[in-house]
Amino acid sequence: MKLINLNELVLVGPGSEWFWTAISGLILAATFLAIYRQLRLQRDANAFEQLNAQSRDWEAERLLRVRLEVLRAYKIGARLPPGSVTVITDFWEGVGTLARGGHVDLDLTYENFGLSCRFWWAVTGGLIATWRDTHGTVEIGRHFEWLATTFAEIARKREPAANVSDPALVASALDSSIEALEDMVRVAMELRMIPTRRALSGASQV
């Protein structure tokens, strides 16, 4: 029993329309796959660049000084400087907005910022809650809170044995974070002074 009658198979001329329709369909499918792959690669590249940009902002000298000021106050139980907390909140609100809207990959964001986001929410969340009560709104820092909560849930699922609570995370990392920030600020200042030193050295040789 023949399933396909090759004797009546027409590839050219009248009756071959089915063949060329099938070929056109395959070409279109291949084209769509290529376009989808290109768009996916472009999306991944954009997400990677956004994460790099966020990392650069977080490591900029201004943010380093702001973070250091907040942690020093937190360590001695002093009132957190509201301006510095606002700067930190704005940064995490930006990251949270991008992640929540699907504009950056959540897994990549977690790998880059998971512990850091939870740490800073534990440090600043109390003051942000006070601001919400004072102004009668839950909008302040809501994307920041969502991001920290989401990262905590991811950590519980991925690393149940190694996961720690956010207060414990702050307690264990506070001193080392302050020390690291002090060193990073020192390095940033030295790098900032290099052009000035070069200019003075060049002027002395004139």
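The values are calculated or read from the model by the stated rules, or taken from the named source; none is laboratory data. Keep in mind the model is a prediction, meaning the values are calculated, not measured. Positions of Cβ are generated from backbone atoms using ideal geometry, with glycine treated the same way; all protein chains shown enter the neighbour counts.
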**OP:** Kindly indicate the residue of the stretch 96-112 that is of a type in the set (Gly, Ala, Ser) and free of Cβ contacts under 8 Å to residues at least 12 places away in the same chain and also nearest to residue 145 (Cα to Cα) among those meeting that condition.
**Re:** 101
Original post:
Can you name the residue in the stretch 119-128 that is in contact (Cβ under 8 Å) with a residue 12 or more places away in the chain and out of contact with any Leu (no Cβ under 6 Å at 6 or more places or on another chain) and is also surrounded by the fewest Cβ atoms within 10 Å (Cβ to Cβ) among such residues?
Top reply: 125
Subject >> Residue selected from the stretch 144-168 under the condition over 20 Å from the mean Cα position of the chain (by Cα) and within 21 Å of residue 96 (Cβ to Cβ), by the criterion modelled with the lowest pLDDT >> reply: 163
**OP:** Kindly check whether there is at least one residue in the stretch 83-90 that is at pLDDT 90 or above, exposed (fewer than 15 other Cβ atoms within 10 Å of the Cβ) and more than 19 Å from the chain's Cα centre (by Cα).
**Re:** yes
Subject >> Cβ pairs under 9 Å, 6+ apart, first in the stretch 57-76 and of a type in the set (Gly, Ala, Ser), second assigned to a helix (DSSP H, G or I) >> reply: 60/188; 73/84
Subject >> Any chance residue 147 is surrounded by fewer than 17 Cβ atoms within 10 Å (Cβ to Cβ), touching a residue at least 40 places away in the same chain (Cβ under 8 Å) and in contact with a Phe, Trp or Tyr (Cβ under 9 Å, 6 or more places away or on another chain) >> reply: no
